[in-house]
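Accompanying notes for the structure given below.
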Amino acid sequence: MLLKNDPGWNVQASPLAGMRASYLRACLLRGAMILGAVAATAVLLAPTPLFAQSDNSAITGTVTDPAGAVVRNADVTVTSEVTGADRRTVTNASGFYSVNGLAPGKYTVTVSVAGFSTKTITNNSVDPSIPASVNVSLALSSDAERVEVTAQETPL
């Protein structure tokens, strides 16, 4: 048996000890490379949040009577002046309505409810991502009266 102080003492007591150390180093290096590859793949394949912008907008408003009181359950129809497609909704208990997901363009808003004259407001501009506000004041009905109002476009 060789002692540390003997001149023939060698760190590698046998040829197998050196091979074992090399094998362990190779296994550790291979494991580190595999772990790095797995981590890089996980980072590259991780879902990325997408923040999309939408060109769609909305028309909102409040429906009131001649005294300024809100009108609930009024039927509101928003019609595209370009395509003729229409969207319908009903005012809530506060007289408020909102029609979302409208493409930019010109729209006609028609409001009707029993006891009031149907009112149509045309030429309402909807810009991308900027909701248009169209408040409607209804007049009391005298049989089958219809009121039409045309909005004037204000240049920017």
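The values are calculated or read from the model by the stated rules, or taken from the named source; none is laboratory data. As the structure is a computational prediction, the values presented were derived from the model and not from experiment. Neighbour counts are summed over all protein chains in view; Cβ atoms, including those assigned to glycine, are modelled from backbone coordinates with ideal geometry.
Residues that are in a strand (DSSP E or B) and among the hydroxyl-bearing types (S, T, Y) were ranked within segment 88-97; the one that is nearest to T62 (Cα to Cα) is Y97. Any residue that is surrounded by 10 or more Cβ atoms within 10 Å (Cβ to Cβ), modelled with pLDDT of 95 or more and over 23 Å from the mean Cα position of the chain (by Cα) - is there at least one of those in segment 42-63? Checking segment 42-63: at least one residue is surrounded by 10 or more Cβ atoms within 10 Å (Cβ to Cβ), modelled with pLDDT of 95 or more and over 23 Å from the mean Cα position of the chain (by Cα).
Quick check on my filter: what residues within segment 83-131 are of a type in the set (A, V, I, L, M, F, W, C) and at positive phi?
Kept after step one, since they are of a type in the set (A, V, I, L, M, F, W, C), are these residues of segment 83-131: 85, 90, 93, 96, 99, 102-103, 109, 111, 113-114, 116, 121, 126, 130.
Answer for segment 83-131, where residues must be of a type in the set (A, V, I, L, M, F, W, C) and at positive phi: there is none.
Restricting attention to segment 102-116, the residues being closer than 13 Å to T64 by Cα and surrounded by fewer than 20 Cβ atoms within 10 Å (Cβ to Cβ) number 2. Filtered by the rule that a residue be aliphatic (A, V, I, L, M) and at pLDDT 95 or above, segment 103-119 gives V109, V111, V113.
Selection over segment 67-95 of residues that are exposed (fewer than 12 other Cβ atoms within 10 Å of the Cβ), closer than 13 Å to Y107 by Cα and of a type in the set (S, T, N, Q) gives a count of 1. If you go through segment 98-150 and pick out every residue that is within 35 Å of the chain's Cα centre (by Cα) and part of a loop (DSSP other than H, G, I, E, B), you end up with 9. Give the residues of segment 78-98 that are without any contact (Cβ under 8 Å) to a residue 24 or more places away in the chain and over 12 Å from S112 (Cα atoms), sorted by residue number. Hits for segment 78-98 are T83, G84, A85, D86, R87, N92, A93.
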